[in-house]
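The values are calculated or read from the model by the stated rules, or taken from the named source; none is laboratory data. These numbers come from a predicted model, not from an experiment. Note that we place each Cβ from the backbone using ideal geometry, even for glycine, and neighbour counts take in every protein chain shown.
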Amino acid sequence: MIKFLDLQKINSLHRDEIMKSMADVLDSGWYIHGKACSKFEQEFAEFNGVSHCIGVANGLDALKIILRSYIELGHMKEGDEILVPANTYIASILAISENKLVPVLVEPDIISYNMDAGLLDEKITSKTRGVMIVHLYGQNSYSEKIGEFCKRKHLKLIEDCAQAHGASYRGKRVGGLCDASGFSFYPGKNLGALGDAGAICTDDPELALCCRSLGNYGSQKKYENIYKGTNSRLDEIQAALLSVKLRHLDTENEKRREIADYYSKNIQFKGIILPTVANSDGVASDPLSHVWHLYVVRTEKRDALQQALSGLGIETLIHYPIPPHLQAAYREWNHLSYPVTEKIHREVLSLPMSQVMPMEMAQQVVTAINSLVLN
Ligand SMILES: *Cc1c(COP(=O)(O)O)cnc(C)c1O
């Protein structure tokens with residue numbers, strides 16, 4: 001049996017370091033907003049090349065709080081529009097609608113599966129205030145074209161980095177490319193906690209201060225509340241673990257690259273489209289722009305492929321089976337048509353991928369795929 005992802009193995013790789021860091025928290029007698037959180041925030045800011053990092057409770061909160069801060073600071077207001085890829089995970093979109101902002105869905109391009117920057121111009125209206133890009137499957141989606149477009153139109157550019165810890169664009173890490181970025185440390189992400197956790201990164205000191213207050217009951221000084229904030233904090237125990245795992249992130253992402261490379265060089269099956277490392281501005285493909293959160297293939301025979309692999313003991317997953325605009329939660333969009341997004345959701349399949357997957361397993365997956373006959 002080849003599992004899609006072996007979380008036990010991923011974490012036990014660093015068991016001794018993790019246990020030590022957790023014992024330190026246990027013995028410290030301080031469990032929220034203490035030294036471990038500040039330490040991780042500092043390390044993660046440095047890692048991403050930004051001046052501010054704020055730990056929060058999860059990735060959805062990170063994105064929600066960024067937008068909420070822009071509202072508090074007067075850059076956005078209820079009813080304003082935020083452009084977001086139509087094929088993203090639902091959380092990116094929920095972060096927008098929960099703030100009573102309006103998500104405007106933009107089709108991805110069928111090569112990178114990231115937002116098609118060429119469509120931004122036609123989607124923009126007098127109410128547009130921001131663009132949220134999503135580095136889907138671990139591949140950077142920022143380009144100078146998007147950056148310049150947002151500057152020219154005075155739009156805030158926000159990155160959803162939940163799937164792309166450590167990826168970069170022209171030598172600069174994602175998370176530091178735009179006005180603000182949100183990260184998730186959900187256990188299955190490339191940098192995963194032992195529960196929920198998230199972070200916001202930015203170079204904007206005013207935004208950073210506002211995000212920090214909003215996540216802490218809207219307070220900067222104990223018992224003084226400036227905003228109607230919320231409780232979204234990064235626990236000491238998760239922060240301590242994340243500090244340990246951050247030290248190994250680049251090495252582990254490299255392992256994922258090796259698996260991806262092996263898949264891409266060896267899968268030979270008619271009708272399967274392999275992922276491409278392609279920057280949306282046509283810059284020569286840079287292997288560091290992808291951290292392979294997921295290795296996603298595409299085929300019209302997706303369901304047959306998944307079933308056949310399952311029969312051979314290989315677990316695969318679909319990211320994601322239903323596009324946001326066809327979800328019951330967004331009933332008001334159900335009549336809309338996003339053909340590229342719909343095609344992607346119909347045809348994608350994620351193969352087993354992780355930093356602890358032995359190369360022999362990747363070989364078994366390839367052998368299995370190459371031997372299949374689907375009808
Ligand atoms: C996981 C994920 C999120 C949300 O993260 P949580 O920590 O689960 O709240 C947001 N956006 C994308 C693209 C994700 O994959």
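Beta carbons closer than 7 Å, at least 6 apart along the sequence or on distinct chains, pair a first residue in the range 7-20 that is of a type in the set (S, T, N, Q) with a second that is part of a helix (DSSP H, G or I) and surrounded by 11 or more Cβ atoms within 10 Å (Cβ to Cβ) for Asn11/Ile18. Taken over the range 136-152, the criterion of being surrounded by 17 or more Cβ atoms within 10 Å (Cβ to Cβ) and not small (Gly, Ala, Ser) is satisfied by Leu136, Tyr137, Gln139, Asn140, Tyr142, Ile146, Phe149, Cys150. One residue alone among Ile65, Ile90, Ile82 is within 15 Å of the ligand (Cβ to nearest atom), surrounded by fewer than 20 Cβ atoms within 10 Å (Cβ to Cβ), at negative phi and modelled with pLDDT of 95 or more, and that residue is Ile90. Scanning the range 93-105 for residues that are within 15 Å of the ligand (Cβ to nearest atom), farther than 18 Å from Ser181 by Cβ and hydrophobic (A, V, I, L, M, F, W, C) yields a single hit, Leu105. Sort out which residues of the range 313-350 are more than 20 Å from the chain's Cα centre (by Cα) and of a type in the set (A, V, I, L, M), and write them in order of number. Listed by number, the residues that qualify are Ile314, Leu326, Ala328, Ala329, Leu336, Val340.
Residue count for the range 347-375 under the criterion of being touching a Lys or Arg at 6+ places or on another chain (Cβ under 9 Å) and of a type outside the set (A, V, I, L, M): the result is 5.
Condition test on Leu305, is it on the phi < 0 side of the Ramachandran plot, assigned to a helix (DSSP H, G or I) and touching an Asp or Glu at 6+ places or on another chain (Cβ under 9 Å)? So Leu305 fails the test. From the list Gln238, Gln306, which residue is over 21 Å from Gly59 (Cβ atoms) and touching a residue at least 12 places away in the same chain (Cβ under 8 Å)? Every option except Gln306 fails the conditions. Checked against the criterion of being farther than 25 Å from Asn140 by Cβ, touching a residue at least 24 places away in the same chain (Cβ under 8 Å) and within 22 Å of the chain's Cα centre (by Cα), the candidates Val277, Val244 yield just one match: Val244. Filtered by the rule that a residue be farther than 22 Å from Ser92 by Cα, of a type in the set (Lys, Arg) and either part of a strand (DSSP E or B) or in contact with a helix residue (DSSP H, G or I) (Cβ under 9 Å, 6 or more places away or on another chain) (or both), the range 186-227 gives a lone residue, Lys221. Ile146 versus (1) closer than 25 Å to Ser337 by Cα; (2) within 12 Å of the ligand (Cβ to nearest atom); (3) not aromatic (Phe, Trp, Tyr): which is the lone unmet condition? Every listed condition holds for Ile146 apart from (2). Of note, His293 satisfies the criterion of being assigned to a loop (DSSP other than H, G, I, E, B) and touching a Leu at 6+ places or on another chain (Cβ under 9 Å). A single entry from Glu206, Glu236, Glu224 fulfils the requirement of being among the charged types (D, E, K, R), over 22 Å from the mean Cα position of the chain (by Cα) and either crowded, with 17+ Cβ neighbours inside 10 Å or on the phi > 0 side of the Ramachandran plot (or both): Glu236.
Criterion first (within 13 Å of the ligand (Cβ to nearest atom) and more than 30 Å from Ser219 (Cβ to Cβ)) does Val134 satisfy it? Steps first, answer last, please.
Numbers: within 13 Å of the ligand (Cβ to nearest atom): yes; more than 30 Å from Ser219 (Cβ to Cβ): yes.
Taking the combined requirement at face value, the residue satisfies it.
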